[in-house]
1. Anything in the range C:291-303 that is at the interface with chain B (Cβ under 7 Å from one of its Cβ atoms) and either closer than 12 Å to C:T269 by Cα or without any contact (Cβ under 8 Å) to a residue 12 or more places away in the chain (or both)? List them, or say none.
2. So in the range B:27-71, with the set limited to residues that are over 22 Å from the mean Cα position of the chain (by Cα), assigned by TED's automatic domain parsing to the domain that holds B:E119 and polar (S, T, N, Q), which one is farthest from C:L150 (Cα to Cα)?
3. Would the range B:238-255 turn up any residue that is more than 28 Å from C:I183 (Cβ to Cβ), more than 7 Å from every other protein chain (Cβ to nearest Cβ) and either of a type in the set (F, W, Y) or not in a helix (DSSP H, G or I) (or both)?
4. Quick test for you: out of B:L411, B:L397, pick the one residue that is closer than 24 Å to B:L46 by Cα and in contact (Cβ under 8 Å) with a residue 24 or more places away in the chain.
5. On the basis of being in contact (Cβ under 8 Å) with a residue 40 or more places away in the chain, closer than 26 Å to A:P59 by Cβ and more than 14 Å from the chain's Cα centre (by Cα), does A:A199 make the cut?
6. Which condition number in (1) assigned to a strand (DSSP E or B); (2) more than 24 Å from the chain's Cα centre (by Cα) is the one that A:M110 fails?
7. If a residue must be surrounded by fewer than 23 Cβ atoms within 10 Å (Cβ to Cβ), at pLDDT 90 or above and out of contact with any Phe, Trp or Tyr (no Cβ under 7 Å at 6 or more places or on another chain), how many such residues does the range B:186-217 contain?
8. Among the residues of the range C:234-251, is any away from chain B (no Cβ under 12 Å), assigned to a helix (DSSP H, G or I) and surrounded by fewer than 24 Cβ atoms within 10 Å (Cβ to Cβ)?
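The values are calculated or read from the model by the stated rules, or taken from the named source; none is laboratory data. From a predicted model like this one, the values you see are computed outputs, not experimental measurements. Cβ placement follows ideal geometry from the backbone for every residue including glycine, while neighbour counts extend to all protein chains displayed.
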Amino acid sequence: MNSIVMRENINTMIEHSDFAPENSIISAKNVDVFYGEKQALFNMNLDVVENSVTALIGPSGCGKSTLLRCFNRMNDVIPICHVEGSITLGGQDIHASNVDVVSLRQKVGMVFQKPNPFPKSIYDNIAYGPRIHGMTTSKAELDEVVEKSLKRAGLWDEVKDRLDKLGTGLSGGQQQRLCIARAIAVQPKVILMDEPCSALDPIATATVEELIDELRERFTIIIVTHSMQQAARVSMHTAFFHLGNLVEYGATSDIFTAPKDERTQNYITGRIG
Amino acid sequence: MTDHIDIIRVEGSTRHRAQKRFQLYGLLAVSLSLAFLFIMVGSIVLRGSSAFRQSFVQVEIELPADAIDPDDVRGTRFGKFLKQALRNKFPQATTQKDKKQLYKLVSATAEYSIREQVEDNPQLIGTHAKIWVRTSSDVDIYLKGYVDTDLDESKRRLSDQQLEWLALLQQENKIESRINTKFFTGGDSREPEQVGVLGAVIGSALSLLVCFLLSFPLGVLTAVYLEEFAPKNKFNRIIEVNINNLAAVPSIVFGLLGLAIFLNFFGLPRSTPLVGGMVLALMTLPTIIIASRASLRAVPPSIREAAMGIGASKVQTTFHHVVPLAMPGMLTGSIIGMAQALGETAPLLMIGMVAFIVDVPQGITDATTALPVQIFLWADSPERGFLEKTSAAIMVLLAFLIVMNLVAIILRRRLEQRW
Amino acid sequence: MQQRNSQTINVTRNATGQKTREILVLALLLVCSLVAVLTTIGIVASLAFEAFRFFQEVSLFDFLFGLEWSPQTALRSDQVGSSGSFGAIPLITGTLLISAIAMAIATPLGLLSAIYLAEYASDGARSVIKPLLELLAGIPTVVYGFFAALVIAPMLRNSGENVGLVISSESALAAGLTMGIMIVPLVSSLSDDVINAVPQSLRDASYALGSTQAETIKQVVLPAAIPGIAGSLLLAASRAIGETMIVVMAAGLAANLTANPFEAVTTVTVQIVTLLTGDQEFDSAKTLSAFALGLLLFIITLCMNVAALKIVDRYKE
């Protein structure tokens, strides 16, 4: 009985995830992810459109954060986690033996659920990335990168007089924008955002959402979110996950107005939580 | 199509080399410390294992019936018979110097060993007996291969003449290497071939017993008070800070305390396990308190709520439910504390446990030494023979420590519950 | 049925016997926890009392700032140097020299071991290395002392001879080196805790920016952990200063005022042991000076411990 249901699920999954955009920057093919014995993602296929905002939605534990962390190989940090299948960035397999995970993470930046500024000054928080990557040659150049990054993150006017103060002393929303500025400063192609607003109040959330909207001109953004309203507001494409499977993927407007899969329908109307 | 994104590793870049180098430093640091551990333990085992064997020499000895009273063997001096026997064996030793060298082949305590054997076997009296006695330490060390015979005679403890005699005895199979049981059954001695660790082991055991009986109840009850009952006020905060600081006070300071207060003020007997145990108890107390508190904290609040919920008082809840559940952890912590106390030397030096004591102690008020202090004393002795005995005593000490730690680990695995 | 209805449900405390018992139990617990405080009072009182007697004979100033230490008091008062001299400076410098050598060994080894264990080692490697380091910590100091005197010191002297250096067989270097190794597990386990307490989110942030592991450790983890590490180093240094058996067995007895690690120096703890072992009359300045030294040692280590615990506590918040 169960196996039949399973097979049906897989069929419907393949049917609905045939959205294959041409200008994809990241593409996952047949990706399985395991935590020890437990499989967290099943046969994932997903192409992410360049210079757009893609939202990954779904109930808790559906594997969306796991997939996100595959894109910059943050899962390498977790010893029991292993990834199978292929993920390409700009056509190159990111698991290839000649790929430098450090360069990969420079190109694919990440913003985390809880703001995590370093316990250093605001300036040093931003300057850390450019420094380790040797991206600037002079202090003046570095100053410029810091200023530009903070401006892009919409934080410059609020902090320009206190760049030498601790980054941890900012408010939650400011901290998260600081983390975004920090990610921008190393000039990534892609920015991964793992529920970036879940620890923020509504006003700070609105500021960060505006920021995301501005950033999409220069960066490809993949955002994991719990809030369907947020996905609808900021993203152009949306992928819906359920129990480790990609159920449906397509233009955000389609997903929210005319979902093809019953489970997507149930989720966006609040029947699966 | 997207632009080319460069994520290829540049082999040998400065950053990667720095990364590799840093990890290597860490591994190197760990290896260095562990190499030291292995070299230290290894060299001690290497030096010490020979101490568990002892060379014996067979002497053919006349025990004339007219000179030995069978009812008073204990009062008979066997030295002269032994010397006669040695002279008979090697009649060429005629000068005073040669005779002296000859007598030095056997242990200075050999005559007592003969007396004991005659006591056990009175029919030997009046016969020509073949009796095995210990060789002297110098001979023992030579037979174990520790003496470089290429060295000039004047720089050796054994002369060429003595080596010749020994070669002859070996040819006649009159020298034997036996297991040195004396090492485990005897007390201290001035003669390296005669020493044993039993006195020190019993001394340590008695001290630890006193230490445990004092520090375990005190430590556990203090932990119970601080963890379960103490209101968060300034007074209790002082107690807590006090205990934490006490844990880091140098051990020798506890020795000074014992000397000034237990010995000089209360006039308790010097060099005894009683005082040693009391000093060690004060030192161990913080360890036990800290471990017991951690163990109490690990008992989930649901247990307390359950007991309170059926109407148990705070005291009942604590002693009927919480303390029994925390007991394995408390015991583990205490055994580890005891293991530390067993290795402690400095405070015992202060309260006079460095005395030279031959007898095995019978109670906690007998003067005695302790195992680590015995090691210190032997390490200080100039005779070559003590080197292997010191190493062997260290092996005994380490064996006890390992057993105690293993017991603690097993106890933790067996009894500790996971919540 | 009727009867049961007529009973009242008693919720007031009626078991007065039990209440008294509970108060007694509480009092017992309180008394037990006071033993720790009494111990401290006992230490301070005994040291202070005997030291006070010592300072009646030798001035505090001479003790703290005197450059010469030779506590032998002559049998007859007309002998040369009958009073003995009790300047603690050579002992303090000797103690500091040996402790400094020990810390110079233990700090890099301990910290790097901690970093390796916390950040690099696989679970398998950790489960082997950690108990072995604990074993190193569990070996009694008398064993280290024996090893230092028997192996390390002659080895240093011989290798010194080979390169034309005169290294005393009771050199500060031999004692300091051995003590350094002894302290490594202390530094590494304390630092390991501190490093593990740095939140994973900070590491994630650094990795996500494309830092290598070494960069993350050096520039993010260690700076965040510095207060805690400083606290643990302070604790380790206090341990080195108070360590007795290694120096008794491997360091010298003569009080040399020198900073040369190849020479023999003596320490506060060595002098306490030498002054108080063997049979001595208890009220001579010579034996009493041991308590003055003990008091000095206690005050120095106490200050270091209090400072270390404060730093670590603040770091934990």
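1. Here is the first cut: in the range C:291-303, the residues at the interface with chain B (Cβ under 7 Å from one of its Cβ atoms) are C:291, C:294, C:297-298, C:301-302.
Across the range C:291-303, the qualifying residues are C:F291, C:G294, C:L297, C:F298, C:L302.
2. First, the residues of the range B:27-71 that are over 22 Å from the mean Cα position of the chain (by Cα): B:27-35, B:55-71.
Filter once more, so that each one left must be assigned by TED's automatic domain parsing to the domain that holds B:E119: B:55-71.
Narrowing the set further to residues that are polar (S, T, N, Q) leaves B:55, B:58.
Values: B:S55: 25, B:Q58: 34 Å.
Filtering first and then ranking leaves B:Q58.
3. Residues of the range B:238-255 that are more than 28 Å from C:I183 (Cβ to Cβ), as a first pass: B:238-239.
Right, trim to more than 7 Å from every other protein chain (Cβ to nearest Cβ) and you get B:238.
From what is left, the residues that are either of a type in the set (F, W, Y) or not in a helix (DSSP H, G or I) (or both) are none.
No - not one qualifying residue is present in the range B:238-255.
4. Numbers: B:L411 fails: closer than 24 Å to B:L46 by Cα.
Just a single option satisfies the conditions, and that option is B:L397.
5. On the way: in contact (Cβ under 8 Å) with a residue 40 or more places away in the chain: yes; closer than 26 Å to A:P59 by Cβ: yes; more than 14 Å from the chain's Cα centre (by Cα): yes.
Taking the combined requirement at face value, the residue satisfies it.
6. It fails just one condition, (2).
7. 10
8. No: zero hits.
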